[in-house]
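A quick write-up on the structure given underneath.
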Amino acid sequence: MTPVMRQRDAKQGGRDHRGDRREKRRFRGSEDGPAILYGWHTVKAALDNPRRKFHRLYTTENAAQRLAEDGMKLPIEPEIVRPDDIARRLSADAVHNGLLAEADALDAPSLEELPADGIVIVLDQITDPHNVGAILRTAAAFSVAALITTVRHSPEATGALAKSASGALEYVPFVTVQNLARGLNALRERGFLLVGLDSEGDADLAATPLRVPLGLVLGAEGKGLRQLTKATCDHVARLDVPGAIKSLNVSNAAALALYIASSRLRG
């Protein structure tokens, strides 16, 4: 079986990320300003989260009416604007559904504070905010304890990432570390079994010994796991699939890995 984990670069898949880069320059999030949250599910989940501190909330008349019909108690007085006023603040392809909020980033736990009885996802230089957001959304569906990534070579928890996560930022802690290898060693010291996913893995993930607490480590599009990351993992596994197409987008690979791991750990 040919393994799954060698993904194409996102640009080769036909998506133009120039808009994402413009958005990231304008709205850097927690480093240079507030996190920018837009889209119905993203903003509504944030409004439901008492840990979010809001600075501004922009809504269209229709979105404000919909929030009222849903019985939402808003933590801040909204500013009623036209749809174009919101659109001008975002990249051309952003779908805002009449809602945009400026809010503080959520406080993230340290590695030492993570619960040592479940699964965490670790990302090795995955830079596409759409992929990271989609992984967060899947992580929330599987009750993952945290998503861990590096301060550099990763998107911030704002803008396109938050939109792709569709509210999952409110449920899955987004933890950043300065050095991934040291972060992985810190997880191991807390008892985590570290399993990297790579096309050159020794065995199929479905046949790899698993236990909790578990860290699943995924590599960047195209490049896969870096060599030091592989060497730091306890096991390096692959994902075997029966069909004609053997490569998966990294967010799809994360979903499959979480399904396999969760099913086996429950069993």
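Give 138, 127, 149 a once-over and let me know the one that is surrounded by fewer than 21 Cβ atoms within 10 Å (Cβ to Cβ), closer than 19 Å to residue 249 by Cβ and either hydroxyl-bearing (Ser, Thr, Tyr) or assigned by TED's automatic domain parsing to the domain that holds residue 224 (or both). When all the criteria are applied, what remains is 127. Given the criteria surrounded by 17 or more Cβ atoms within 10 Å (Cβ to Cβ) and closer than 30 Å to residue 93 by Cβ, does residue 164 qualify? Yes.
With the stretch 39-105 as the region, which helices (runs of 4 or more DSSP H) entirely inside it contain at least 1 residues that are assigned by TED's automatic domain parsing to the domain that holds residue 167, touching a His at 6+ places or on another chain (Cβ under 8 Å) and in contact (Cβ under 8 Å) with a residue 12 or more places away in the chain?
Details: elements: 40-47, 61-69, 83-87.
By residue number, no helices (runs of 4 or more DSSP H) qualify.
To keep it simple, each residue is scored yes or no on (1) more than 18 Å from residue 139 (Cα to Cα); (2) of a type outside the set (Phe, Trp, Tyr); (3) under 15 Å from the mean Cα position of the chain (by Cα).
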{"site": "188", "(1), (2), (3)": "yes, yes, no"}
{"site": "216", "(1), (2), (3)": "no, yes, yes"}
{"site": "229", "(1), (2), (3)": "yes, yes, no"}
{"site": "237", "(1), (2), (3)": "yes, yes, no"}
{"site": "242", "(1), (2), (3)": "yes, yes, no"}
{"site": "251", "(1), (2), (3)": "no, yes, yes"}
{"site": "264", "(1), (2), (3)": "no, yes, no"}
{"site": "267", "(1), (2), (3)": "yes, yes, no"}
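Can you pull out every residue in the stretch 218-265 that is among the basic types (Lys, Arg) and part of a loop (DSSP other than H, G, I, E, B)? 223, 226, 246, listed by residue number.
Of 183, 219, 191, 224, all but one fail to be touching a residue at least 40 places away in the same chain (Cβ under 8 Å) and either hydroxyl-bearing (Ser, Thr, Tyr) or within 19 Å of residue 108 (Cα to Cα) (or both); the exception is 183.
Listed by first and then second residue, the pairs linking a residue in the stretch 240-267 that is assigned by TED's automatic domain parsing to the domain that holds residue 122 to a residue that is aromatic (Phe, Trp, Tyr) and part of a loop (DSSP other than H, G, I, E, B), with Cβ atoms under 6 Å apart and 6 or more places separating them unless they lie on different chains, are 258/142; 262/142.
Against the condition of a type outside the set (A, V, I, L, M) and either in contact with a Lys or Arg (Cβ under 8 Å, 6 or more places away or on another chain) or in the same structural domain as residue 178 (by TED's automatic domain parsing) (or both), how does residue 113 come out, does it pass?
yes
The values are calculated or read from the model by the stated rules, or taken from the named source; none is laboratory data. All figures in this text were calculated on a predicted structure; none of them were measured in a lab. Reconstructed Cβ throughout: ideal geometry from the backbone, glycine too, with neighbour counts over all protein chains shown.
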